[in-house]
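Data block below; observations after.
The values are calculated or read from the model by the stated rules, or taken from the named source; none is laboratory data. On a predicted model such as this, the values are computed, not experimentally measured, just so you know. Cβ coordinates were reconstructed from backbone atoms using ideal geometry, including for glycine residues, and neighbour counts include every protein chain displayed. When the accessible area is computed, the model is the full protein with side chains, heavy atoms only, and any ligands, DNA or RNA have been set aside. Shrake-Rupley method; radii C 1.70, N 1.55, O 1.52, S 1.80 Å.
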Amino acid sequence: MRVRFLQRAWLGRAVLHGLFALLLSACVSEPISVQPADDPSSALIREKWLPRTQDALQRFDQRMREALSVTPPHRLRVVLVASEKQYSELRKDLPQAYVADMDTDVESDLYERSVVNAVHAAAWQFFSSYAVDPEVPAWLKDGLAWQQAYAVMDALQSDALSSHDLLGIDRYAIRNNRYTLTYADVLADGRFVRQEKGFEYFSTLLVRLLQEQLGSRFDQAWPVYMRASKQPGFKHEQAFEQAFGLRSAQFAALARDHFATLRTMKFEHAAPLPPLSTTRSADAVEFLPERTSTREAYARYLKLPTPRAFALSRRGAWVYFADNPDAVRRAMQDCISIDKVSCRLFSVDDYMVADEQRSYEPEFVLETGAEEAWQAQLATRWMPAIKSSVGSLREVLRARMGVDFQAPMRIHVAGTRDAYARVLRENIRQEAAQANSTAEHSAGLSNQNGQMVLSMLQTDHEEYLWERAVTVTTHELVHEIQGQQKGVAEGFRTRRWLDEGTADQISNLATRAMPLGDAARYEIEDWRESCIVWYRLHGVRTTRPEDVWNVSYEQWLKLIADNKGPYEMSGLLVMHLESLLGDKYYPSLLKYWRLSGKKGQVETNAFKESFGLSPDEFLASSKRWLASLN
């Protein structure tokens with residue numbers, strides 16, 4: 001199997017978790033099974049990658065029928081696995097199968113592993129069984145197998161990957177790796193050559209060279225050679241010349257010149273470059289997130305030849321390409337496949353990319369799926385209200401904290417529960433079961449990484465729709481601001497009560513400042529008063545500050561389910577914190593959020609440094625203040 005970690009690497013949580021495998025046969029008449037069928041992670045594979053693998057293998061079978069009038073008779077077992085552990089186990093247990101590790105967020109890698117490498121494995125198996133004569137060189141069978149895989153991939157017209165992209169990888173491998181193997185060794189077809197590192201790159205480029213020499217005649221020539229290999233008295237030299245119009249010695253000379261040129265030629269960027277700053281790439285390390293793996297990757301990147309490009313996201317995902325004319329496009333394309341919103345180019349060649357934009361306008365996406373009349377009402381009535389609430393929040397953020405949206409953000413508006421669940425799966429990156437549960441019980445969600453979704457259902461009362469369009473929007477966007485200030489968040493996990501309480505607090509400021517238009521007849525609840533009333537009527541008997549002090553997400557959800565009022569208690573705590581700090585409150589919040597992204601920071605120390613008192617001191621003060629409310 002081709003391993004393609006030569007020019008890039010990435011950091012990001014895998015989309016897929018758990019252990020499962022998809023088993024299918026290269027014989028398209030065989031049924032496709034999913035095991036285990038009840039694994040929640042199998043939904044994405046079923047929906048997206050399984051059909052592509054099936055389609056690719058069907059297309060390969062069709063190509064063989066057209067070229068050789070033969071349907072590949074040998075069944076290949078293809079196993080797509082979602083964990084490294086199962087990948088390692090199945091590689092040992094199923095040595096004759098093609099096993100693909102799908103535990104990555106990078107779209108082009110998922111495409112290559114489930115489509116390109118699967119077709120190559122099927123093609124290699126087929127050519128090995130079809131052309132059994134020992135005179136047929138391994139490089140030609142393997143190169144033709146990769147050529148077929150690339151042809152199938154291009155026929156599928158994926159935006160994630162093309163044969164042009166993979167040929168760039170192949171050329172990079174030959175130019176920048178000191179393989180003991182040479183093109184001459186591959187052409188000589190020694191007994192153990194196919195097991196040597198680099199064989200697949202040489203064989204691919206040799207067949208590509210043959211294809212370039214023949215042009216359009218290549219698709220007719222290789223079947224002639226393959227059919228000849230099945231005839232009695234087959235001789236490679238004679239069949240090669242008759243099929244391709246070249247003697248083996250002539251082709252070896254062409255290969256010698258081709259690989260010599262390949263190692264010395266200078267590549268240039270294929271497209272115009274973005275504006276570059278005056279900061280040299282080598283001096284730009286201080287502008288990177290303080291994540292060790294990111295900085296180590298950047299150090300490797302700086303040693304690689306140009307053309308090169310390094311892309312990263314606000315949360316620490318990174319991708320680089322080097323010695324590639326398409327380095328800029330490929331780096332951004334793969335970074336975006338991990339983090340669809342906040343990726344940006346950081347460095348190109350020897351200079352840091354200029355970033356002149358200080359704030360970002362959110363992108364609003366009205367999801368499809370609702371009935372036509374409701375879809376129109378969402379566009380004409382509710383989308384303007386959502387945009388107005390965003391504008392009001394920005395004014396509050398600028399006035400109180402001196403910040404604005406510092407990274408791209410996408411706000412999805414879903415008019416049906418199915419559309420809401422779809423965004424939760426595809427954009428927020430929740431697993432299917434969690435997305436369905438969230439869609440049933442929530443009105444909106446942010447992943448603090450540039451993606452936010454609102455549920456606006458036609459069956460909801462108008463008052464609730466206004467609350468979602470205004471209050472939920474601003475609350476979730478405050479979480480986005482928190483995420484932007486935290487950055488990669490290598491230091492510590494911030495306290496949930498502080499994040500949720502400040503989200504409600506700042507949302508309330510924005511809501512009360514905005515013009516409500518035809519929503520004015522609905523009372524906008526006073527956040528401060530509602531928190532105090534809740535405590536006096538219910539909270540004093542049911543909830544203590546300790547209940548929300550250091551809770552996980554699951555514990556937070558349980559507090560909600562048990563009607564313990566975690567949002568109200570959090571509101572009271574941040575209300576008290578503001579009363580203690582006065583004008584220093586909002587700058588202190590910013591400091592706390594930013595410290596959470598610093599490597600080596602301890603939360604209790606950062607809390608005291610930011611707010612001027614320890615968590616225990618603040619807890620004791622809060623309990624005294626709450627007692628005074630009764």
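Worth pointing out:
- Among the strands (runs of 3 or more DSSP E) confined to the range 274-334, the ones with at least 2 residues that are open to solvent by 60 Å² or more (accessible area, probe 1.4 Å) are located at 276-280.
- Scan of the range 122-138 for residues that are open to solvent by 10 Å² or more (accessible area, probe 1.4 Å), under 24 Å from Ala252 (Cα atoms) and not acidic (Asp, Glu), ordered by number: Trp124, Ser128, Val132, Pro134, Ala138
- Tally of residues being out of contact with any Lys or Arg (no Cβ under 9 Å at 6 or more places or on another chain) and either open to solvent by less than 70 Å² (accessible area, probe 1.4 Å) or under 14 Å from Arg400 (Cβ atoms) (or both) across the range 561-571: 2
- Residues in the range 453-492 that are among the aromatic types (Phe, Trp, Tyr) and touching a Ser or Thr at 6+ places or on another chain (Cβ under 8 Å): 1 in all.
- Unmet requirement for Leu80, which otherwise passes all of (1) buried (at least 21 other Cβ atoms within 10 Å of the Cβ); (2) part of a loop (DSSP other than H, G, I, E, B); (3) touching a Ser or Thr at 6+ places or on another chain (Cβ under 8 Å): (2)
- Pairs with Cβ under 6 Å, 6+ apart, first in the range 230-243 and under 14 Å from Pro137 (Cα atoms), second open to solvent by less than 100 Å² (accessible area, probe 1.4 Å) and among the charged types (D, E, K, R): Phe234/Asp133; His236/Glu135
- Glu462 vs. criteria under 20 Å from Lys387 (Cβ atoms), in contact with a helix residue (DSSP H, G or I) (Cβ under 9 Å, 6 or more places away or on another chain) and open to solvent by 30 Å² or more (accessible area, probe 1.4 Å): yes
- Among residues of the range 511-532, those that are at pLDDT 90 or above and open to solvent by less than 20 Å² (accessible area, probe 1.4 Å), counted: 1
- One residue alone among Asp355, Asp418 is open to solvent by 30 Å² or more (accessible area, probe 1.4 Å), of a type outside the set (A, V, I, L, M, F, W, C), more than 15 Å from Ile481 (Cβ to Cβ) and modelled with pLDDT under 90, and that residue is Asp355.
- Residue count, the range 142-164 (criterion: assigned to a helix (DSSP H, G or I) and either open to solvent by 10 Å² or more (accessible area, probe 1.4 Å) or touching a His at 6+ places or on another chain (Cβ under 6 Å) (or both)): 11
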